[in-house]
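Trainee: Encoded as structure tokens, here's the structure I'll be asking about.
The values are calculated or read from the model by the stated rules, or taken from the named source; none is laboratory data. These figures come from a predicted structure and were not determined experimentally. Cβ placement follows ideal geometry from the backbone for every residue including glycine, while neighbour counts extend to all protein chains displayed. We work out accessible area using only protein heavy atoms, side chains counted, and drop any ligands, DNA or RNA first. Shrake-Rupley method; radii C 1.70, N 1.55, O 1.52, S 1.80 Å.
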Amino acid sequence: MKKNFGMLILFLLLGWLAGAWIAKALQPVKAVAFLTKATTIRWSPQADLDIFSYDISLQFQMSLLSLFGIIFAVWLYRRL
């Protein structure tokens with residue numbers, strides 16, 4: 001089976017999402033708080049060019065469980 005870049009991106013996003021969902025579900029458990037604590041990455045490009053202006057805000061949440069989900073997704077992708 002030929003692997004492509006789009007499939008890798010899909011696996012990465014699904015792994016990240018699965019890890020984030022697991023982290024959210026485990027937030028009430030104090031013993032694993034170090035795994036569920038998320039770090040926020042923000043990027044807000046903006047410009048005003050007289051005839052055209054834009055303001056975009058992107059925010060990413062990353063926890064250790066999300067990172068584990070991404071690593072697992074890469075492992076699954078390589079096994080295909």
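Trainee: Enumerate the calculated ³J(HN,Hα) couplings along region 37-48 in order (Karplus 6.51 cos²θ - 1.76 cosθ + 1.60, θ = phi - 60°), each rounded to whole Hz, writing x wherever the residue is Gly or Pro.
Mentor: Ordered by residue, 3J(HN,Hα) equals 5, 9, 9, 9, 10, 10, 9, 10, x, 8, 7, 10 Hz.
Trainee: On a 0 to 90° scale, report how tilted helix 64-79 is relative to the longest principal axis of the chain, with both axes built from alpha carbons and the result rounded to the nearest 10.
Mentor: For 64-79 against the chain, the angle is about 80 degrees.
Trainee: Additional query: Using a basic spin-label model with each label point 7 Å from the Cα along Cα→Cβ, how many nm lie between residue 78 and residue 32?
Mentor: Each label point is offset 7 Å from its Cα along the Cβ direction, giving 2.4 nm.
Trainee: Could you tell me the accessible area of residue 32 in Å² (1.4 Å probe, neighbours in place), rounded to the nearest ten?
Mentor: 40
Trainee: For residue 63, which sequence-distant residues (separation of 5 or more, or a different chain) have an amide H within less than 5 Å of its own amide H, given hydrogens modelled in the peptide plane?
Mentor: Excluding prolines and chain starts, which carry no amide H, the hits are 39.
Trainee: Determine the share of the chain's accessible area contributed by carbon and sulfur atoms, expressed in whole percent, with a 1.4 angstrom probe.
Mentor: So the carbon and sulfur contribution to the accessible surface is 68 percent.
Trainee: Accessible area per residue, 1.4 Å probe, Å², for the chain: what's the number?
Mentor: 82
Trainee: When the Karplus curve 6.51 cos²θ - 1.76 cosθ + 1.60 is applied with θ = phi - 60°, which whole-Hz ³J(HN,Hα) does each residue of region 54-60 get, with x for Gly and Pro?
Mentor: Running phi through 6.51 cos²θ - 1.76 cosθ + 1.60 with θ = phi - 60° gives 8, 8, 10, 10, 10, 9, 10 Hz.
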